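Take a look at the structure set out below.
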Amino acid sequence: MVAAEVKEKTMSYIPLYRKWRSQNFDEIVGQGPIVQTLQNAIKGNRISHAYLFSGPRGTGKTSTARIFAKALNCANGPTPDPCGKCDMCVRIKNGHAVDVIEIDAASNRGIDEIRDLREKVRYTPIEGKYKVYIIDEVHMLTSEAFNALLKTLEEPPLHIIFILATTEPQKVPVTIASRCQRLDFKRLSNPEMVAQINKIAGAEGIKIEDNAAALIARNSEGSMRDAISLLDQLISFSGKNIKHDDVISLLGTASADHIFEFGDALGRGDISKLFDLINQMVSEGRSVPQTTKDILLHMRNLMFAMLGSESVIEESSEHITKLKEQSKLFSMDKIKEIMKIVSRAEIDMKWHPQARLLLEVAVMEACSASPAPKEETKRIEVNKAEVKSPVSFAPKIEEEKEKKMFKLSDLAGKTMSKPSVPTAGNIFELKSNWQTILDEVKKKNVFAYISLHEGEPSHFDDGKLVVKFKKGFAFHKGRLEEAPAKSAVEEAVKKVSGRDIKLECVIENAAPVPEASASKVAELFGGQVIS
């Protein structure tokens, strides 16, 4: 008997994200314009035959589609306020309505499924007033399936409503999108998510700290479903009382104090302290990629604190005060350079197995990125002292720019009859523009970018750019010698330099392979030299 009761209780548990799914238009969080559009369409009898719901995950697309289906088929409807109690509303809520068909396009993406749909749309609704087809992740359909859907979507029977939901609207063919009324769901703001988290926690009898709710919202990146799922997980982890430290432990993120210590060490260029902090983070089981994201967010907040744009920093007033104080350790140029370096490391972590190593290299590079504010101020003051008038200053600036800047197009030569071949002296100019070339390669082929990032331009050899790799990096050399990667690099160099330059990859200090003579080969194989 006891075992049966336990089984019944276990089977009756409903995850919070399902329990708290919006059931009417008033419960939809953060999508006011869309709710108003759909309600007004019902009131004015201007219901479209097809809708395209696009937006990030967890923002309410499918929930809104179900509520709209309720509003159309409610016993009191079509109505902008479905009762939620009639037979049709209950059946739609439980997923048992015959006339509301949900299709997962990720697993039913072929032409056969769409042909079957075309056959069934001809039949009138059995229970309600409208037959509603909700096609989730519609961008996953094949080209043939989209073509099969096209005519039906353009002129469906009057009793059919199509609702296409997608997280990637750019992948939906224009011919399909143009036949739908498009509604774009936005990411939820942190205050909207915090309010909903507190509402759910209060209704479930859960006590949660304000900064814990804020951290849940921030890490959910605008997805209410992710936030509620994380809250559910935290209840299992820490019970009825959720603290800020519980969220940090579960997420594997770094604490605010830890991140501020990172900021201090970066601002002072204290590499030894940074290494100690990374080691401490790893010893405590923190996630290196997550901490890297936290550092990026912290630098972003420091930048806005320095600019006086506190309204875009979603933190407490006490936290913002500390940011303002710490921002005095940085110049704006240094913050921007650190963000570039750490962002590059975060991207590389998706492909590189040693995330810790990438972060350590990144902080070393960041510490030498640019001078501290005091040194920069001093340099500016010296430059000002040299300036006697605006007229004399302008030519000086242009002269300095001309000294520092160059054009890779000069590598191509100026004659029309016979272009000059790049010489070894041009390699210094190429190296100065190397980051620009890397950025162009990244746009074309991320794998080529990762491999090219591990090498360095060495010299020109007979019109070819020679990229040198250290011993142990033969994998990256081999990848760049493959056609797609090699082509991406050569196209990037051409875009920056203005001319065709072929790529050649070598391993540093690789021992040359001795050339065997014909007589030695003949002796080895017992043959005879005939010519």
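No value in this document is a laboratory result; all are computed from the given coordinates. Note that the structure is a prediction, hence the values are computed from the model and not measured. No Cβ is skipped: glycine too gets one built from the backbone with ideal geometry, and neighbour counts run over all protein chains shown.
Structure notes:
- In Hz, Karplus ³J(HN,Hα) per residue of the range 120-129 (6.51, -1.76, 1.60; θ = phi - 60°; x = Gly, Pro): 7, 5, 6, 7, 6, x, 8, 10, x, 8
- Entry note, the range 190-251: relative contact order of 38 percent, from Cα contacts under 8 Å with a spacing of 6+ residues.
- Separation of the E154 and V98 label points, Cα + 7 Å toward Cβ, nm: 3.2
- Virtual spin-label span in nm between V506 and E325, 7 Å along Cα→Cβ: 5.6
- By the count of neighbouring beta-carbon atoms within 10 Å, fewest first, D99, D81, D246, D257 end up ordered D257, D81, D246, D99.
- In this simple spin-label model, placing a label point 7 Å from the Cα along the Cα-to-Cβ direction at both K19 and D81 gives a separation of 2.8 nm.
- Pairwise FRET efficiency - K495 versus F473, Cβ, R0 = 22 Å, nearest 0.05: 0.30
- The alpha carbons of the range 265-370 give a radius of gyration and a Dmax of 13.7, 39 Å, in that order.
- Ordering C505, C180 from the fewest to the most neighbouring beta carbons within 10 Å gives C180, C505.
- This ranking places L230, L452, L158 by how few other beta-carbon atoms lie within 10 Å of each, fewest first, which gives L158, L230, L452.
- Taking 0.36 nm per residue of separation and subtracting the current Cα-Cα distance, fully stretching the chain between V121 and K43 would add 25.5 nm.
- Less than 5 angstrom separates the built amide H of C505 from those of V467, all sequence-distant by 5 or more or on a different chain.
- FRET efficiency, 1/(1 + (r/R0)^6) with R0 25 Å, evaluated for S107 and N147 via beta carbons: 0.80
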